[in-house]
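Structure first, commentary second.
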Amino acid sequence: MSPSLPNNILDAFGPEQAATYDERFSKLSAINSLLHLVIQSQFAHLPDNAHILIAGAGTGADVRHLAPLFPSWHFTLADPADAMLEIAWQHANQEGFADRCTFHAGYVSSLPETQFDAATSLLVSHFLNEEEDRTAYYRSIAERLQPSAPLFEAALCGNRYDTIFETEMEVWLGLMNLAGMTDEGGQNYRQSFGTLFATHDPSEVEKMIGAAKFGRPVQCFQAGLIRGWITHRL
């Protein structure tokens, strides 16, 4: 099965949104920087000629961090949102590493089963509400990794029925306010859990990753509702 995003999600990453995406979230760049630092530390042992899969590449922030640090690595950026991938190409071209990048306008499941040395998936999987679809997404990544290759996965995550969820949401909305979210936007965001965003709690996410040919994931990051895990292809 090849999971795909609903049209309303893809519409949210169209040309107009893509053009302002980096600027809109610039005030939360410290979170991205820490995510990238964790990825750097976990991928540092990879060979000089490593080929990295960037699942749901967006505007290419992962690659913009890694490419200058590892000048012999190659990257395949996969994203079904053409407009976001176009911005990623512009960054790569302007910053001088486009010749080390392959841009795939589509889902990971439509890529050849290349044996990548590692993969990242940042803020993508929470758009898949159904457990079956989310597990299939993780499996599509696993099928394209070499044995023991690492995956760094990060997603919005929370259990709405946990007594601390309301506090977690308040912390997260406080961060989103820094990015210009209005009170009305905050209310819409609350309602998005279970509709726009999946409501899987951390243990459920870990179970789905484990069911997709990965070892037991280790949570190594949290900022508000974003949690991050490192795991390896079995």
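The values are calculated or read from the model by the stated rules, or taken from the named source; none is laboratory data. Being a predicted model, the structure only gives us computed values, none of them experimental. Here the Cβ is made from the backbone with ideal geometry for all residues, glycine too, and neighbour counts use every protein chain on show. The accessibility values were calculated without ligands, DNA or RNA, using every heavy atom of the protein model including side chains. Shrake-Rupley method; radii C 1.70, N 1.55, O 1.52, S 1.80 Å.
Starting from the amide H of residue 75, placed 1.01 Å from N in the peptide plane, find each other amide H under 5 Å away whose residue is 5 or more places distant or on another chain.
Under 5 Å from the amide H of residue 75 lie the amide H atoms of 52, 101, 102, each far enough along the sequence or on another chain.
Report, to the nearest whole %, how much of the accessible area of the chain belongs to carbon and sulfur atoms, 1.4 Å probe, protein only.
With neighbouring chains kept in place, the figure for the chain is 51 percent.
Starting from the Cα gyration tensor of segment 15-81, multiply each eigenvalue by 5, take the square root, and state the resulting semi-axes largest first in whole Å.
23, 15, 9
Taking a probe of 1.4 Å, how large is the accessible area per residue of segment 146-234, in Å²?
Per-residue accessible area for segment 146-234 comes out at 48 Å².
How charged is the neighbourhood of residue 157? Take every other residue with its Cβ under 14 Å from the Cβ of residue 157, and add Lys/Arg as +1 and Asp/Glu as -1.
Once all neighbours under 14 Å are counted, the net charge is -3.
With just the Cα atoms defining each centre, how far is segment 159-176 from segment 70-120? Give it in Å.
33
Considering the Cα trace of segment 66-190, what is its radius of gyration and what is Dmax, both in angstroms?
Cα only, segment 66-190: 17.6, 49 Å (Rg, Dmax).
In whole Å, what are the extents of the chain along the principal axes defined by its C-alpha atoms, from largest to smallest?
Extents along the principal axes: 46, 38, 32 Å.
What does the helix-only formula give at 222 nm for the chain: each DSSP H stretch with n ≥ 4 adding -39500 (n - 2.57), the total divided by the residues, and the result rounded to the nearest 500 deg cm²/dmol?
Mean residue ellipticity at 222 nm (helix-derived): -12500 deg cm²/dmol.
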